[in-house]
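Undergrad: Input: one structure, supplied below.
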Amino acid sequence: MGELASQKHVQFIVSVEKKKDSFESVVMEHIRMNGAYWGLTALDLLGKLHVVDVGEVVSWVLQCRHDSGGFGGNIGHDPHVLYTLSAVQVLALFDKLDVLDIEKVASYVAGLQNEDGSFSGDMWGEIDTRFSYIAISCLSLLHRLDKINVEKAVNYILSCKNHDGGFGCTPGAESHAGQIFCCVGALAITGSLHHIDKDLLGWWLCERQDNKTGGLNGRPEKLPDVCYSWWALSSLIMIDRVHWINKDKLIKFILDCQDIENGGISDRPDDAVDVYHTYFGVAGLSLLEYPGLKAMDPAYALPVDVVNRIILGR
Amino acid sequence: MTEDELRSEAKMVDLLNQFEHILESDPHIDEVGFVHPSQFFQLNEEAGHSLPSSDSSADGNSVFWNEDHKLGISTQVLLPLYKASKDAFMTANRQFKELNSTSDVSGAENSLCTSLSLDDSIESAVMKHSRALLLLSCDFGTAWHSRKLVVLEKHKLSALLDELLLSALVLSYSPKSEYAWGHRKWVIKSISEKCSTLPEIVTKESELVEKIAERSKMNYRAWNHRCWLVSYMTREQLLHELKRSRNWANLHVADHSCFHYRSQLMLKILEDQCYEQEISSSGYSVEIYLLWKDELDWDEMLIKRYIGREVGDTHLLIVTIFSRNTVDFISPIILDPLSFHFCGIHCKQALWLHRRFLSLFWIKHFLTDHTGLSNHGKQKTCMNNDFSVFMDDELHLLHSCSIIPDNSFDDYQAQAMHSATYMLWLIKQIPDPCRIELQEKLRTENLKALLNKVCPERSSTWDCLTGYVEASDH
């Protein structure tokens, strides 16, 4: 088994930010805030967050802020909870949450809760359990969970549970490992995991492991993909069923997806690397207690020391 | 065309004008794609032209190709074209927002509709440039949002319907686009409040999803869109969709999303029936009972379809599928191992998972419900008989799927694994008295032995699952 090419991955992540000469890179500029979160969290897990200029990042994040309290994916782009959580997470990594008008950000997020307890992603009303997770995680990081009806939020999430034990994006939607992470994460943060049939959900999740490669997929009949080494694995950890999968084979799968020469991790072995899969590969390895990486919190998707500093105040 | 030239601003604007002109002059374009310059010649040949039917840049190189309402954009110009359309859109959008700034934009769509009269030219610039931009960057949310604001201004059904066309066009090159699907939903919700042709639209939407699902396998957003439509369907439409999607599923037995869609259709029919039942209290209709039974039989037929088929060559497998044109005509096709893997026939996990759903509801609604109706001894015996017959059938299926010939392929191992985990799952789900009866016929340790035989690398998983099933025995 190869080893994690940490130094190469750091170089890759730093270089991604500088590439602005291809269609493939500029066409992602509307989600730059998510990209910043993926890249910077991976750097922190690798112990190299100090290679970036904090002042530059914080100033750019603040330029994406709107009067409503929400954040856009880049300067001049409309606000959405997807980017608002990433902005809060990036500032949390640098211990810079104090630059925010916390009341305003919390009001924006809380204002998106609907009567049935669900959350819209922005003023246009699209509803998804991803947005429930985002709202709950974000408000918890800001110590403002009291601004929403948590009971209703939990009940809405539970209404998205399927007979197979999994969760979808809305009631009746197909179970999906990404959505399961969001639902389980939100329930974990609000102390509501007792509502889950952990064995039934664990069953569904452990069937995501491919017998041959050891990689995890996100749904039945799909190919394994490194990103589910985060979504499915963190869910298994939160419900205490991670021993239902073969961890060694999963570690090998992630390591096999590295570009050893130029850094970066891809979805599957020999595919093109990107910052999204690099982050989820490193985060997955952290959950698997791979040596040399900072520990990751499975619910907040932030390094454990960052979560402890914010939630426990230490 | 050199890169230096491309970078010059004037050329970029020319390029954008050319692009937008094509979009204006052919409003019926229904497919767009990015084409490598070397493919232009081939496209012209296929269209039967000796002369290029494409729009060219100043130096004669092809940049756009437009024929039969299909639009190809040269990959060579994507970067400058994107930059130009983004700049043009962002400028127009800023002006549009400045005009709006007197009004409260924070969420009150209605106040926007009534209190503003906007400059038409700015509105049309927003629409023109956002369309160009979204055909290059499908999830540029700000562009979709601005279109919604403009459409709301217009108060016209036709303006809403135009948005469905643009969204479909974006999905033609990016079938997973989150925003394009979200935009459709928003349009349909807006229409549903005031439109009498909703059933027609629902049918068309369902057809669109099917078309997209054909080339974008297990597309989560596409199938979710179809599941979402279920709530708008009439009973007739539900039954029609059930029939229609069965034909599709026959050809795509590995598409789990399609089976999930079927489960949603069936649950809606069941739910509507339960609602009616409360009024009439006449019990489940024979129709629904038969519907469920038929689905179980069909699922079993698909599971068994490829078992024991003679395979002459390890690299080529011959399977029979229904032809696309006529459902009755059966034609043999040859698949290579790679596409075989993707179409998943050799795993058939989706069929077994669908069976878990079917059996769970079968037991819940058609077997155990008798006890709720009456405690009469005769009825109870009847239920136990029903259950015995059902489980004997399932045990028989398990048996036929767990025979592994000596010189067999992975297919047999996978089939045996899926059948064994299916039975384990079922044992766990069924109510206590039935479970005890079943476990007299089938021991969990036998299932574990089978699983360890066909898939020894997951032995710790099988330990956990059987341990969990056994733990609930008492």
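A short reminder: the numbers here are calculations on the coordinates, not readings from a lab. Just so it is clear, the structure is predicted and the values come from calculations on it, not from any experiment. Neighbour counts are summed over all protein chains in view; Cβ atoms, including those assigned to glycine, are modelled from backbone coordinates with ideal geometry.
Undergrad: Could you tell me which of rounded, prolate or oblate describes segment A:182-314, using a ≥ b ≥ c as the square roots of the eigenvalues of the alpha-carbon gyration tensor, with rounded for a/c under 1.5 and, failing that, prolate when a/b is larger than b/c and oblate otherwise?
TA: Oblate, since a/c reaches 1.5 and b/c is not below a/b.
Undergrad: Here's another thing I want to ask about it. Report, in debye and to the nearest 20, how large the dipole of the protein assembly as shown comes out about its Cα centre when Lys and Arg carry +1 and Asp and Glu carry -1 on their Cβ.
TA: Its charge dipole is roughly 1360 debye.
Undergrad: Further question: Rounded, prolate or oblate: which fits segment B:214-255, taking a ≥ b ≥ c as square roots of the Cα gyration tensor eigenvalues, rounded meaning a/c under 1.5, else prolate when a/b beats b/c?
TA: Judged from the Cα gyration tensor, segment B:214-255 comes out oblate (a/c at least 1.5, b/c at or above a/b).
Undergrad: Between exposed GluC sites (Glu not before Pro) in chain A, where DSSP calls loop and at most 11 other Cβ atoms lie within 10 Å, what's the longest gap?
TA: A:116-260
Undergrad: What is the dipole size for segment A:6-312, taken about its Cα centre, with +1 at each Lys and Arg Cβ and -1 at each Asp and Glu Cβ, in debye to the nearest 20?
TA: 440
Undergrad: I've got another one for you. Using a 10 Å cut-off on Cβ to Cβ distances, tally the other chain neighbours for every residue of B:260-272 and report the average as a whole number.
TA: For this peptide, the per-residue mean of nearby foreign Cβ atoms is 2.
Undergrad: Can I ask one more? Compute the relative contact order of segment A:28-77 as a whole-number percentage, counting only Cα pairs closer than 8 Å that sit 6 or more residues apart in sequence.
TA: 49
Undergrad: With each pseudo-label sitting 7 Å past Cα toward Cβ, what's the B:ASP392-B:SER8 distance in nm, one decimal?
TA: Between B:ASP392 and B:SER8, the label points sit 8.7 nm apart.
Undergrad: Report the one residue of B:SER400, B:THR75, B:LEU302 whose Cα lies farthest in the direction of the positive end of the charge dipole of the protein assembly as shown (charges on C-beta: Lys and Arg +1, Asp and Glu -1; origin at the Cα centre).
TA: B:SER400
Undergrad: May I ask you to list the residues of segment A:71-108 whose amide nitrogen lies under 16 Å from a point 7 Å from Cα along the Cα→beta-carbon direction of A:ASP305?
TA: Once the point is set 7 Å along Cα→Cβ of A:ASP305, A:92-96 turn out to lie under 16 Å by backbone N, inside segment A:71-108.
Undergrad: Please report the net charge: other residues with Cβ closer than 10 Å to the Cβ of A:VAL27, K and R +1, D and E -1.
TA: -2
Undergrad: How large is the helix-only mean residue ellipticity at 222 nm for the protein assembly as shown, computed as the sum of -39500 (n - 2.57) over DSSP H runs with n ≥ 4, divided by its residue count, in deg cm²/dmol to the nearest 500?
TA: After summing the helix terms and dividing by the residues of the protein assembly as shown, the value is -18500 deg cm²/dmol.
Undergrad: Dipole of segment B:196-283 (Lys/Arg Cβ +1, Asp/Glu Cβ -1, origin at the Cα centre): which of B:PHE259, B:THR203, B:ALA213 lies farthest to the positive side?
TA: My answer, from the dipole projection, is B:ALA213.
Undergrad: Among the trypsin sites (Lys or Arg not before Pro) in segment A:1-103, which ones are in a DSSP loop with at most 14 other Cβ atoms within 10 Å of the Cβ? Mind listing them?
TA: A:LYS18, A:LYS19, A:LYS20
Undergrad: Given the options A:SER266, A:SER107, A:SER59, which has the most mean-square fluctuation in a GNM of chain A, springs set between C-alpha atoms less than 10 angstrom apart?
TA: Greatest mean-square fluctuation among the candidates belongs to A:SER59.
Undergrad: Assuming R0 = 41 Å, can you tell me the calculated FRET efficiency for the pair B:GLU287 and B:LEU161, based on Cβ-Cβ distance, to the nearest 0.05?
TA: It comes out at approximately 0.70.
Undergrad: Here's a follow-up. Compute the distance in nm between two label points, each set 7 Å from the Cα along the Cα-to-Cβ direction, one at B:SER38 and one at A:SER15.
TA: My value for the distance between the label points is 2.5 nm.
Undergrad: Is chain A rounded, prolate or oblate when judged by the Cα gyration tensor, a ≥ b ≥ c being the square roots of its eigenvalues, rounded requiring a/c under 1.5 and prolate requiring a/b larger than b/c?
TA: oblate
Undergrad: Now for a separate question. Give the residue from A:PRO224, A:HIS163, A:TRP204 lying farthest towards the positive end of the charge dipole for segment A:144-275; charges sit on Cβ (+1 for Lys and Arg, -1 for Asp and Glu) and the dipole is referred to the Cα centre.
TA: Farthest along the dipole direction, towards plus: A:HIS163.
Undergrad: Also: If you take the Cα atoms of segment B:196-283, find Rg, then find the Kirkwood Rh from the mean of 1/r over all pairs, what is Rg/Rh?
TA: Taking Rh as the inverse mean 1/r over Cα pairs, Rg/Rh reads 1.02.
Undergrad: To the nearest whole number, what is the average tally of beta carbon atoms from other chains within 10 Å of the beta carbons of peptide B:125-133?
TA: The shielding value for this peptide is 0.
Undergrad: With a Förster radius of 56 Å, plug the Cβ-Cβ distance of B:ASP294 and B:ASP120 into 1/(1 + (r/R0)^6) and report the FRET value to the nearest 0.05.
TA: It comes out at approximately 0.45.
Undergrad: Could you work out, residue by residue across B:216-223, how many beta carbons of other chains sit within 10 Å of that residue's beta carbon, and then give the average as an integer?
TA: 3
Undergrad: Please compute the alpha carbon radius of gyration of the protein assembly as shown, then divide it by the globular-protein estimate 2.2 N^0.38 Å. Two decimals is fine.
TA: It is 1.00.
Undergrad: What do you get for chymotrypsin sites (Phe, Trp or Tyr not before Pro) in segment B:384-446 restricted to DSSP loop and a cutoff of at most 15 other Cβ within 10 Å of the site's Cβ?
TA: Within segment B:384-446, the qualifying chymotrypsin sites (Phe, Trp or Tyr not before Pro) (loop, at most 15 other Cβ atoms within 10 Å) are B:PHE409.
Undergrad: Using DSSP H assignments, which helices in chain A have an axial alpha-carbon span of 20 Å or above and a mean Kyte-Doolittle hydropathy of 1.6 or higher?
TA: Qualifying helices: none.
Undergrad: Run the numbers on chain A and let me know its relative contact order in percent, using alpha-carbon pairs under 8 Å that are six or more apart.
TA: Answer for chain A is 19 percent.
Undergrad: Compute, for segment A:45-158, the length of the dipole vector about the Cα centre, with Cβ point charges of +1 (Lys, Arg) and -1 (Asp, Glu) only. Units Debye, rounded to 20.
TA: The dipole of segment A:45-158 has a size of about 240 debye.
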